[in-house]
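*Asks:* After the structure tokens below, expect a handful of questions from me.
What follows draws every value from the coordinates through simple rules; no lab data is involved. In this text, all values refer to a predicted model and were calculated from it rather than measured experimentally. With ideal geometry, Cβ positions are generated from the backbone for all residues, glycine too; neighbour counts draw on all protein chains shown.
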Amino acid sequence: MSEAPRPPLPPFTAETAAQKVRAAEDGWNSRDPQRVSLAYTPDSHWRNRSEFVHGRQEIVQFLTRKWQKEHEYRLIKELWCTAGNRIAVRFAYEWHDDSGNWFRSYGNENWEFDENGLMARRHASINDLAISETQRLFRWPQGRRPDDHPGLSELGL
């Protein structure tokens, strides 16, 4: 049985790719592993840093571990470019560990979608920068980033 489409569908325009990026940001900011996993094909392949994840069950397990470690997680994604069924994204997110040490994690992702708009491949490269609490820039209430909150370019990131 085929998965229900998740618009916008490829091939992407700059506008529809930006919509897809914002939808992904909103999903990840929910910090709900099950919800996030539904944006991916059942057999999706990920490379996240040095970890390889395959399929929705592993995605849920990965995200559960991630958000148990990364407290007060807030993410901003920005479209870098798009062609056909692929989107390149840059992102930054802020979080703190169990000891209260804050980090801003920067990265790039390459995404590939199937015909139903589900992500079949995700390749993420991420670096962590230790920051102080006073250097934080992502201070909206936990959850979706408000529409009037600056994006990465506006923040100079």
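*Asks:* Run down the aspartates and glutamates and flag those whose C-alpha is under 20 Å from the C-alpha of residue 69, throwing out any fewer than 8 positions away in its chain.
*Replies:* 25, 26, 32, 51, 58, 94, 97, 98, 128, 133
*Asks:* Then there is this: Using Cα atoms only, what is the angle between the long axis of helix 55-69 and the major principal axis of the chain, expressed in degrees (0 to 90) to the nearest 10?
*Replies:* 10 degrees
*Asks:* Of all beta bridges DSSP finds with both residues in the range 14-155, what is the antiparallel percent, to the nearest 5?
*Replies:* Here the share of antiparallel DSSP bridges comes out near 90 percent.
*Asks:* Note down the net charge around residue 152, summing +1 for each Lys or Arg and -1 for each Asp or Glu among other residues with Cβ under 14 Å from its Cβ.
*Replies:* Taking every other residue near residue 152 into account, the sum is +1.
*Asks:* Right, something else. Which value, in debye to the nearest 20, describes the size of the charge dipole of the range 39-157 about its Cα centre when Lys and Arg Cβ atoms bear +1, Asp and Glu Cβ atoms bear -1, and nothing else is charged?
*Replies:* In total the dipole reaches around 80 debye.
*Asks:* May I pose another question? How high is the relative contact order of the chain, given as a whole-number percent (alpha carbon pairs under 8 Å, six or more residues apart)?
*Replies:* After rounding, I find 26 percent.
*Asks:* When we measure straight from the Cα of residue 20, which lysines land under 22 angstrom away, once same-chain ones fewer than 8 places off are left out?
*Replies:* 77
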